[in-house]
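Have a look at the structure below, then the notes.
No value in this document is a laboratory result; all are computed from the given coordinates. As the structure is a computational prediction, the values presented were derived from the model and not from experiment. Because the Cβ atoms are built from the backbone with ideal geometry, glycine has one as well, and the counts that use them run over all protein chains shown.
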Amino acid sequence: MIPSWIIIGAVTFFIALGSFLITPHDVKWFALLSRPRWLVFEPLIPLIWTVIFICGAASAYIVWQKNPGGIITWLLMALYLLVEIITVAYIPIMLRFRSLKAGEILGLIGLILAVVLAICVLPISLMAVLFLLPYLVWTPIGTYTTDELRELNPQDA
């Protein structure tokens, strides 16, 4: 039998790869947008998201270990999956539609779902909630940054 941490890690990895379903033309549009002066950490964003996804997978693993195969555990795994899919969809959808607003909406949906997830996970494991904190802290920053991009690029909002 495959250990649960390998399955959770593999699912996380393969869904994260979904963000690469973008074309170079779409990326060029985004690269040409004006950016706020304070956005000096942009080169670190892929590393930041990698850490966040690892923490999310660790959180899911902890929850799974508390009650493997239970109906509540499966529902929570589905919620973890939904949060990751929404998160990964942010870039491809924003770029495909050339809409910063679409990205901002997905960021807000991801944040709301992650808050719900953290509330649901809290009675199960405080450590699992702590592993969700990077997502809960970073997502508002990313969403705010997208909002600032909308302000600087109203034609691409």
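Miscellaneous remarks
- Nearest 10 degrees, 0 to 90: helix 126-152 Cα axis against the chain principal axis: 10
- Loop exposure criterion: trypsin sites (Lys or Arg not before Pro), DSSP state outside H, G, I, E and B, at most 16 other Cβ atoms within 10 Å. Applied to the chain, the longest stretch between such sites is 38-97.
- Chymotrypsin sites (Phe, Trp or Tyr not before Pro) restricted to DSSP loop in segment 1-60 with at most 10 other C-beta within 10 Å: Trp38
- Farthest towards the positive end of the charge dipole of the chain, among the residues Ile52, Phe14, Cys120, is the Cα of Phe14, using unit charges on the Cβ of Lys, Arg, Asp and Glu.
- With a cut-off of 11 Å between beta carbons, the residues surrounding Glu148 carry a summed charge of 0, where Lys and Arg count +1 and Asp and Glu -1.
- With the convex hull drawn over the C-alpha atoms of segment 13-73, the volume per residue is 130 Å³.
- Where only DSSP H runs of four or more residues are counted, the chain gives -26000 deg cm²/dmol as its mean residue ellipticity at 222 nm, each run worth -39500 (n - 2.57).
- For the chain, the equivalent ellipsoid derived from the Cα gyration tensor has semi-axes of 31, 16, 13 Å, listed largest first.
- Segment 82-152: chymotrypsin sites (Phe, Trp or Tyr not before Pro) falling in loop per DSSP and having at most 14 other Cβ within 10 Å: Phe97
- Helix 45-66 vs. the chain, principal-axis angle (Cα, 0 to 90°, nearest 10): 20
- Charged-residue dipole, Cβ positions (Lys, Arg, Asp, Glu), the chain about Cα centre, Debye nearest 20: 100
- Angle in degrees between helix 71-96 and the longest Cα principal axis of the chain, rounded to the nearest 10: 10
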